[in-house]
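Okay, so here's the structure we're looking at.
A short reminder: the numbers here are calculations on the coordinates, not readings from a lab. Since we're looking at a predicted model, the values are computed, not measured. For neighbour counting, all protein chains shown are included, and Cβ atoms are generated from backbone atoms with ideal geometry for every residue, glycine included.
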Amino acid sequence: MLTYVFLAGLPIFAVSSVYFAFTGKSKDGLNTAFLVSFVTLISYVLMWQGDLTVVTESGEPIFWTRWLFYGVSCTLLMVEIAWLKGIEGGRLVQLLYLTAIVMSAGFLAARDLSAVRWIHFAISSVAYVLLVAGLLSKRVEGAQWANNYIFFGWTVFPLVFLLAPTGLGVIGAAVANLLYLGLDLYTKIVFNIQLSRASQVGARGAGLRRRCPTRRSASRQGIIGTVQRPGRRPLRACVAPSRCISRDLGRREPDRDGPSVARATRSVGEAMR
């Protein structure tokens, strides 16, 4: 069954690598979505070959190379979430270091069959808690959906590790790797698809805001223009992306005459009402 699990992962991540290579959004020339899928594809190729493993006393294989490639792919995912949540500078560096500690300690725990592996697992768990706490503490409007992948994706990985032959051995290697495959699909492919859609929605919203100013700013501009040149220019207040309302604040009635200052004063009062 293990062979079929890895064979199922190969075409999935091969297709996703090609898809993100052409559709993935690059930031500063870095297409992280493509790199995440491509690195995962290489990982599945090595696990399918089955040469780099250790075998437990019960005869269950442990594919320890998985965590080496997780160290690369999860670091790229961390960069993506940092972009989404606006995390940068020293805080981003700290999260990247914590990611490296989580995966390095996880690799050592998977590679070591002695009781020492529990020390590595404890170190990895502490680093993971600090990592998640740092991500969840940053609340940004429009980015809260990413927390679902942390709760229902990332957090499940150490639970599978604990139940698999790498830990307590409650479940076999075939079931564990099948669960890992499902988690890889959810946290790497589904996440990047939703991230791409969220980026497109955000870009459209930013474009609308640039093209159409708010009612308050437009009204202020109209008031200033009317005071400077009374009776000449209408106020255009943009109240929605699809329509703009024009009101002539400087309209001169035939039966009313007066100084230009009085007309300007009346125009300002009408605009403020």
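The fewest-to-most ranking of Lys138, Lys85, Lys188 by surrounding Cβ atoms within 10 Å reads Lys138, Lys85, Lys188. Take the Cβ atoms of Gln144 and Leu183, set R0 to 22 Å, and the FRET efficiency comes out at 0.60. Per the Debye formula on identical point scatterers at the alpha carbon atoms of segment 77-147, with no solvent, log10 I(q)/I(0) at q = 0.18, 0.21 Å⁻¹ is -0.69, -0.83. Model label points for Phe22 and Val54, set 7 angstrom from Cα along the Cα-to-Cβ axis, are 4.3 nm apart. Here the residues Met1, Met78, ranked from fewest to most Cβ neighbours within 10 Å of their Cβ, fall in the order Met1, Met78.
In plain terms, the residue of Ser104, Ser73, Ser58 with the fewest other Cβ atoms within 10 Å comes first and the most crowded comes last, giving Ser58, Ser104, Ser73.
Net charge around Met78, counting only other residues with Cβ within less than 13 Å of its Cβ (Lys, Arg = +1; Asp, Glu = -1)? Taking every Cβ under 13 Å from that of Met78, the sum is +2.
Within 10 Å of each candidate Cβ there may be at most 12 other Cβ atoms; applying that plus a DSSP loop requirement, which chymotrypsin sites (Phe, Trp or Tyr not before Pro) in segment 117-155 survive? The qualifying sites: there are none. Let me see the P(r) profile for segment 1-109: every Cα-Cα distance counted, bins of 5 Å, each bin given as a percent of all pairs. Using 5 Å bins, I get a P(r) of 2, 12, 17, 19, 18, 15, 9, 5, 2, 0 for segment 1-109. In whole angstrom, segment 11-75 maps to an equivalent ellipsoid with semi-axes of 29, 12, 6, each derived as √(5λ) from the alpha carbon gyration tensor and ordered largest first.
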